[in-house]
Amino acid sequence: MTFSVNKDTNQIFIERSYDAPNDLVWAAYTESDILDQWWAPKPWTAKTKHMDFREGGSWLYAMVSPEGQEHWSKVEYITIRPKTNFSVVDGFCDADGNMNLSMPRNHWDNTFHAKGDQTTVNMVLSFETLADLEAIIQMGFKEGITMGMENLDAYIKAQFYLRKQNKPDNQPRVSFYLNFPGNTEEAFLFYRKVFKTEFVNGIKRLGDIDPDHDHPPMDENVKNMVLHVELPLIGGHVLMGTDAPKEFGFTVTSGNNMHINLEPESREEADRLFNELSDGGNIDMPMQDMFFGAYYGAFADKYGVNWMVTHQNA
């Protein structure tokens, strides 16, 4: 990260590069569930009260200390050019979003530059007065933003690695996804023996998730459970699976333990399949960009058949 201050123009300039594609970094800066996992410098945490990411919308959040002390801020979105640039006005407020006019505010412009699987973000913070700029510096802004971006590096490493390992291209395919209450590995070892094929990139376990990023502590018996596994069957079909343990609030039954997983080649086709198949059914999760790098939705159709639609973002 590069960090510089121009006191003649009352501006701060930040440039930060990430080993991740542009759409993943954009999501990390614009989706509250991801921001809550990296925005605050440790040991503080970020807590979103509400976010409306659109021009004219806002993000109301608190920085929370280990003792529970809350410092509230409000970000107001001015312009948005998806996956390219967004600008905001940022300032301190109370828990209801009422601005604290005695504290400095700034205009924050963020530009995203993509180059293959690398993304560079350029940030320009502009202040009305030199005194406002110096006040922010004295409050530890540089140290805080540096720690937050280090958090994001670790988040990307922990959460986005499955994209390249499991499906490096967007060729359409159909797969089948199985949920187990804790015996996924036993079942897939059995299937591997039957089909005489090998797992794609081995077995990924829940314990592989970076424990530094707001995941609750796991029991040792949970850490060894399966996060994701893929096994080729016959005729180009793939069987996938995961453990859905009761410790995480799941109840696996014979009715909810299997999905047909459609992997179309485009977001448009993903939307079409989702909308038409879910008509008259029960939507569990609408199509949306997920933390693991996919455009994803899940539902049961009007006949009670479970489906997932997954498009791996390019």
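The values are calculated or read from the model by the stated rules, or taken from the named source; none is laboratory data. Treat the numbers as computed from the prediction; the structure is a model and nothing was measured. Cβ coordinates were reconstructed from backbone atoms using ideal geometry, including for glycine residues, and neighbour counts include every protein chain displayed. What goes into the accessible areas is simple: the full protein's heavy atoms, side chains included, and nothing from ligands, DNA or RNA. Shrake-Rupley method; radii C 1.70, N 1.55, O 1.52, S 1.80 Å.
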Subject >> Conditions (1) surrounded by 16 or more Cβ atoms within 10 Å (Cβ to Cβ); (2) polar (S, T, N, Q); (3) under 24 Å from residue 140 (Cα atoms): number failed by residue 119 >> reply: (3)
Original post:
Which one of these is among the hydroxyl-bearing types (Ser, Thr, Tyr) and in contact (Cβ under 8 Å) with a residue 60 or more places away in the chain: 61, 29?
Top reply: 29
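Kindly evaluate residue 42 against the criterion of being modelled with pLDDT under 95 and of a type in the set (D, E, K, R).
On the way: modelled with pLDDT under 95: yes; of a type in the set (D, E, K, R): yes.
Judged against the criteria, residue 42 is a match.
Filter the stretch 32-58 for residues that are touching a residue at least 60 places away in the same chain (Cβ under 8 Å) and among the aromatic types (Phe, Trp, Tyr) and give the result. Reasoning before the result, please.
So in the stretch 32-58, the residues touching a residue at least 60 places away in the same chain (Cβ under 8 Å) come out as 33-34, 36-42, 45.
Hits for the stretch 32-58 are 38, 39.
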**OP:** State yes or no: is residue 249 open to solvent by less than 20 Å² (accessible area, probe 1.4 Å) and either modelled with pLDDT under 85 or farther than 21 Å from residue 172 by Cα (or both)?
**Re:** no
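Only residues that are assigned to a helix (DSSP H, G or I), modelled with pLDDT of 85 or more and closer than 30 Å to residue 36 by Cβ: list them for the stretch 151-202, please.
184, the sole residue that qualifies.
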Original post:
Which pairs have Cβ atoms under 8 Å, sit 6 or more apart or on different chains, and link a residue in the stretch 277-291 that is at pLDDT below 90 to one that is open to solvent by 60 Å² or more (accessible area, probe 1.4 Å) and not in a strand (DSSP E or B)?
Top reply: 291/33
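From the list 33, 90, pick out the single residue that is at pLDDT 90 or above and charged (D, E, K, R). So that I can check it myself, show each step before the final result.
Working: 33 fails: at pLDDT 90 or above.
That would be 90, the only listed residue that is at pLDDT 90 or above and charged (D, E, K, R).
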